[in-house]
Amino acid sequence: MLCDLNVPWPCSTYNTQPTQQQLEVLKNTIVTLYSLGYTHQAINFSINENVRIPVGTPDLINPINIAYLKSELVPRFPKLKLFTRLTIIVSDPSKLQGLAKIQNHFDVLAVQPVNEKALQLCTTNLDIDLVSFNLGSKLPFFLKHKTIGSAIDKGIKFEVCYSTVVSGSIGYANVGDSTNVQLIKKNFFNNVLQLIRASRSKGIVVSSGAVQPLQARNGEDILTLLKTLGLDNSRAKSCITLNAERALISGRLRIKSYKQTVIAGNDSDEVLVEKKDPSKPDTLAYKKRLGDSSSGRLLKKQKRSKD
């Protein structure tokens, strides 16, 4: 399956609500991505670290009206899966509000560090799924393999949004002239090459970041872009399939499981018998070997009769 973990929500504050026109553009973008093969999409709500999150009212923590989007789109596209994501732009991690109170309200949790200190502290101390960068401007710090590699070992993925390089005239409407457009594209390629070098081509997730339907691209176009940047076919394909899927599963497990613990089953030949052990009066049950149980003796008897 193809996953797009960055479809921006039209608003970036809690005080504003999206207009009907903005919601229509968002729905058209989602439908366009779905037609290109992206069945799993995450609606991204980006805020600054100084924005006050209404922790006291849990119903208002997640402003994304995901129920409305599902009611409008899922009946027409049954295979479409929509999720929510929170991205916090971080310059000083000490100013971050307690993530434990808000992380269960979003399926994916991401940060966008603006300096090296924020990157190190976020990847070390915070329970996050994604790290994103503003690839349109030159990074103010050097990406070190030790920092990026340790984050990848923890399961944190690093995101690349290709809308910066394919926006066209709509995306660059506020830039001004063609010189700045070329500079944005140059910064994008330099930053992505630096991320590929620091990560050793591992743990990279490619998302659209599309605010318009025309900014969406299919998987083949993304593979061509990544191969141009030096990735081989298998690692380029994992950027839009396996790595994105793992980041999404990691975020979902944070909500649906206790400390990401699951029960795989009991592979031993012992069964739990609800019978009190006379030597252990305080126990409610004790383990008994399968061969000593009634079902085990019956299996042995049937085996002898067949022989």
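Matching residues to (1) touching a residue at least 12 places away in the same chain (Cβ under 8 Å); (2) of a type in the set (S, T, N, Q); (3) at positive phi:
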position	(1), (2), (3)
4	yes, no, no
21	no, yes, no
24	no, no, no
70	yes, no, no
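Report yes if some residue within segment 98-113 is among the charged types (D, E, K, R), within 24 Å of residue 60 (Cα to Cα), touching a residue at least 24 places away in the same chain (Cβ under 8 Å) and surrounded by 15 or more Cβ atoms within 10 Å (Cβ to Cβ); otherwise report no.
The answer is yes; a qualifying residue exists.
May I ask you to list pairs of residues, at least six apart or on different chains, whose Cβ atoms are under 6 Å apart, with the first in segment 244-258 being farther than 18 Å from residue 87 by Cβ and the second being surrounded by 14 or more Cβ atoms within 10 Å (Cβ to Cβ) and modelled with pLDDT of 85 or more?
From residues that are farther than 18 Å from residue 87 by Cβ, the pairs are 245/3.
Can you go through 117, 79, 138 and tell me which one is in a loop (DSSP other than H, G, I, E, B), under 28 Å from residue 184 (Cβ atoms) and of a type in the set (D, E, K, R)?
Values: 117 fails: in a loop (DSSP other than H, G, I, E, B); 79 fails: under 28 Å from residue 184 (Cβ atoms).
None of the other options fit; the residue is 138.
So in segment 229-240, with the set limited to residues that are among the polar types (S, T, N, Q) and in contact with a helix residue (DSSP H, G or I) (Cβ under 9 Å, 6 or more places away or on another chain), which one is farthest from residue 6 (Cα to Cα)? Before you say what the answer is, go through the steps one by one.
The initial filter retains those residues of segment 229-240 that are among the polar types (S, T, N, Q), namely 233-234, 238.
Retained after the next criterion (residues that are in contact with a helix residue (DSSP H, G or I) (Cβ under 9 Å, 6 or more places away or on another chain)): 233, 238.
On the way: 233: 23, 238: 17 Å.
Per the stated criteria, the residue is 233.
State which residue is nearest to the chain's Cα centre (by Cα) when the search covers only segment 1-58 and only residues that are assigned to a loop (DSSP other than H, G, I, E, B) and of a type in the set (A, V, I, L, M). Steps first, please.
Quick first cut of segment 1-58, residues assigned to a loop (DSSP other than H, G, I, E, B) only: 1, 9-19, 36-37, 49-57.
Still in the list and also of a type in the set (A, V, I, L, M): 1, 36, 51, 53, 55.
Details: 1: 14, 36: 20, 51: 22, 53: 21, 55: 22 Å.
Only one residue fits best here, namely 1.
Could you check how many residues of segment 120-135 are out of contact with any Pro (no Cβ under 8 Å at 6 or more places or on another chain) and either in a helix (DSSP H, G or I) or crowded, with 21+ Cβ neighbours inside 10 Å (or both)? Spell out how you get there, then give the answer.
Looking only at segment 120-135, we keep the residues that are out of contact with any Pro (no Cβ under 8 Å at 6 or more places or on another chain), and these are 120, 123-124, 127-130, 132, 134-135.
If we keep only those that are either in a helix (DSSP H, G or I) or crowded, with 21+ Cβ neighbours inside 10 Å (or both) as well, we get 120, 123-124, 128-130, 132, 135.
Looking only at that region, the number is 8.
Sort out which residues of segment 186-195 are within 13 Å of residue 225 (Cα to Cα) and surrounded by 17 or more Cβ atoms within 10 Å (Cβ to Cβ), and write them in order of number. Full working, then the answer.
In the first step, residues of segment 186-195 are kept if they are within 13 Å of residue 225 (Cα to Cα); the result is 188-189, 192-193.
Residues satisfying the conditions are 188, 192.
Look through segment 73-86, keep the residues that are free of Cβ contacts under 8 Å to residues at least 60 places away in the same chain and within 16 Å of the chain's Cα centre (by Cα), and return whichever of them is surrounded by the fewest Cβ atoms within 10 Å (Cβ to Cβ).
Initial filter on segment 73-86 (free of Cβ contacts under 8 Å to residues at least 60 places away in the same chain): 73-82, 84, 86.
From what's left, within 16 Å of the chain's Cα centre (by Cα): 81-82, 84, 86.
Working: 81: 17, 82: 20, 84: 20, 86: 27.
Filtering first and then ranking leaves 81.
Can we say residue 64 is touching a Ser or Thr at 6+ places or on another chain (Cβ under 6 Å), surrounded by 17 or more Cβ atoms within 10 Å (Cβ to Cβ) and assigned to a loop (DSSP other than H, G, I, E, B)? Walk me through it before giving the result.
Numbers: touching a Ser or Thr at 6+ places or on another chain (Cβ under 6 Å): yes; surrounded by 17 or more Cβ atoms within 10 Å (Cβ to Cβ): yes; assigned to a loop (DSSP other than H, G, I, E, B): yes.
Yes: the conditions hold for residue 64.
The values are calculated or read from the model by the stated rules, or taken from the named source; none is laboratory data. The model shown is predicted, which means the values in this text are computed figures rather than measured ones. Heads up, the Cβs are rebuilt from the backbone with ideal geometry, glycines too, and the neighbour counts pull from every protein chain shown.
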